[in-house]
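I have placed the structure first, in the form of structure tokens, so that the comments after it can refer back to it.
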Amino acid sequence: MITGKPLFTVEHIQNRVKELASKISEDYEGKELFSVGILRGAFMFFADIVKLIQIPMTIDFINVSSYAKTASTGEITVHTDLRDDIAGKHVLLIEDIIDTGLTLRHIREMLLKRDPASLKICVFLDKKSRRIVEVPLDYVGFEIPNEYVVGYGLDYENKFRNLPYIAIFKKDT
Ligand code: PRP
């Protein structure tokens with residue numbers, strides 16, 4: 001079940017997304033971006049932020065999922081890879097949440113081998129206390145406590161992704 005008040009309301013989210021988009025627009029001025037949404041979780045954050053980034057860009061998606069989140073060897077499955085070549089491009093990975101760091105580390109290492117001109121990471125939620133591997137983060141929306149969160153793309157058993165706000169989820173006991 002969803003508990004209490006939203007952790008982040010729609011307004012709260014939209015304000016922070018605007019701030020992140022302004023900073024990204026400033027940092028990439030004069031360049032062209034290759035924005036990558038990491039599916040499925042990032043679909044909503046991705047759609048919101050790219051609308052506000054004022055830099056010419058192309059977009060692409062990568063669909064991955066992680067398994068065994070408590071093991072440092074956690075397995076990452078790439079269901080669908082990028083469609084385009086990223087060699088020489090300024091790649092910005094856009095992700096909903098970082099937890100252990102295993103997913104982003106895997107994607108980052110995989111994409112760096114393809115020789116992008118640069119590769120930065122923008123993540124909306126950072127559950128820092130759960131980190132197993134370090135990943136350099138360039139843009140972070142909010143740091144959050146070690147709670148299970150749903151909404152704004154984030155799921156519990158693939159549900160609740162469509163909620164426009166972020167809430168804490170507790171399993172019924
Ligand atoms: C979630 C989330 C991140 C990842 C973060 O994805 O969207 O990609 O977990 O966890 P990590 O830092 O511990 O690797 P999930 O594998 O649940 O797939 P989804 O995006 O399709 O929900």
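The values are calculated or read from the model by the stated rules, or taken from the named source; none is laboratory data. Every value quoted in this text rests on a predicted model; they were computed, and no experiment measured them. Don't worry about glycine lacking a Cβ; one is built from the backbone with ideal geometry, like all the others, and counts go over all protein chains shown.
Just one of (1) farther than 21 Å from E109 by Cα; (2) buried (at least 17 other Cβ atoms within 10 Å of the Cβ) trips up M1, so point out which. Exception for M1: condition (2).
Among the residues making up segment 124-137, a single one is of a type in the set (D, E) and surrounded by 15 or more Cβ atoms within 10 Å (Cβ to Cβ): D126. Taking every residue in segment 147-168 that is at positive phi and pairing it with any residue that is within 13 Å of the ligand (Cβ to nearest atom) and acidic (D, E), at least 6 positions away or on another chain, the pairs with Cβ-Cβ distances below 8 Å are Y152/D96; G153/D96. Residues in segment 58-77 that are of a type outside the set (S, T, Y), out of contact with any His (no Cβ under 8 Å at 6 or more places or on another chain) and modelled with pLDDT of 95 or more: I59, D60, F61, I62.
Annotation note: of I76, I97, the sole residue that is outside any helix (DSSP H, G or I), near the ligand (Cβ under 9 Å from one of its atoms), crowded, with 20+ Cβ neighbours inside 10 Å and not charged (D, E, K, R) is I97.
Among the residues of segment 137-146, the one identified as in contact (Cβ under 8 Å) with a residue 24 or more places away in the chain and farther than 18 Å from A21 by Cα is I144. Candidates are the residues of segment 138-148 that are part of a loop (DSSP other than H, G, I, E, B) and either within 11 Å of the ligand (Cβ to nearest atom) or of a type in the set (D, E, K, R) (or both); the one that is surrounded by the most Cβ atoms within 10 Å (Cβ to Cβ) is D138.
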